[in-house]
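A quick write-up on the structure given underneath.
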Amino acid sequence: MDIDLHGSWYVTIIEGTPIGDIHITMTMIMGWIVLLILSLLCFVLGRNLKVTNISRRQALAEWIVEALNKFVRGNMGTEFDAYIPFVGAVFGTAIISNLISLVGGVWSPTADLATELGWAVVVFIMITYHKIKANGMGGYLKGYLDPIAPMLPLNIISELATPVSMACRHFGNILSGMVISALIYGALGVASQALLGLIPVIGTWLGTHIPILEIGLPAVTSLYFDWFSGLIQPFIFCTLTCIFIKQASETE
């Protein structure tokens, strides 16, 4: 087993397996950890449920379920209740993946475009399924020729743009937040060294070991780049998922 470090990526190569060399990235590892956290959370919230005299834990679980039901039904209607578990799974996975970067030095799976593209491809397949179900295969293919046949290339691009835009919107916000936060930390570290370096004799040592400007100030930007963006992007992704699937199910 060889382990190489490439920036924020850890690549593990397991050689001599029955299916050949296996490349495991940090995104995959953190994705498994996120799924484990989500599974444990569901287990804790869903065990020992009661009808009366419910605990605070059960009250929280019921509030999450009711909020999720209201969210999906508000965007799609009750006829799409079967999608509530899917939307909930994407919502929970996205939130934990985004916020896990708050733990120092931990790589967020959503900072890798492949993660969001995977979600978007699944949503695209669902959208296509409902379009074919509503209009038939012939009607679905005919839609690429509307309003005139020469529009075929543009209609194909427009169709493919849906999952790409959904993925890039989420990925761009999360990655940019991580990059900006890292730049702020770096700039404040340099500023601390310059400021404390003005102190005679021990200034250089203080600036290197006590980056005073990094204390407290980054928390202000973290409220937006980590917390607000980390919570709002899953909401936007799931809202678009519901809206696009709902629209696809309507007969053209």
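I'd like the residue in the range 108-142 that is part of a helix (DSSP H, G or I) and of a type in the set (Ser, Thr, Tyr) and, out of all such residues, is nearest to the chain's Cα centre (by Cα).
If we take residues in the range 108-142 being part of a helix (DSSP H, G or I) and of a type in the set (Ser, Thr, Tyr), then Thr110 is nearest to the chain's Cα centre (by Cα).
Return yes when Gly172 is under 30 Å from Phe228 (Cα atoms), at pLDDT below 85 and part of a helix (DSSP H, G or I) and no when it is not.
Answer is yes for this residue.
Filter the range 65-107 for residues that are among the small types (Gly, Ala, Ser), open to solvent by less than 40 Å² (accessible area, probe 1.4 Å) and part of a helix (DSSP H, G or I) and give the result.
Correct list: Gly88, Gly92, Ala94, Ser97, Ser101.
Hey, among Gly105, Gly31, Gly46, Gly92, which residue is within 28 Å of Ile243 (Cα to Cα) and modelled with pLDDT under 90?
Gly31
So Tyr129 passes all but one of these: (1) within 18 Å of Ser249 (Cβ to Cβ); (2) at pLDDT below 85. Which condition number does it fail?
Checking Tyr129 against (1) within 18 Å of Ser249 (Cβ to Cβ); (2) at pLDDT below 85, the one that fails is (2).
The values are calculated or read from the model by the stated rules, or taken from the named source; none is laboratory data. Remember, predicted model here, so these are calculated numbers, not experimental data. When we count neighbours, we look across all protein chains shown, and the Cβ atoms used for this are built from the backbone with ideal geometry, even at glycine. Quick note on the areas: whole protein, heavy atoms, side chains included, nothing else; ligands and nucleic acids left out. Shrake-Rupley method; radii C 1.70, N 1.55, O 1.52, S 1.80 Å.
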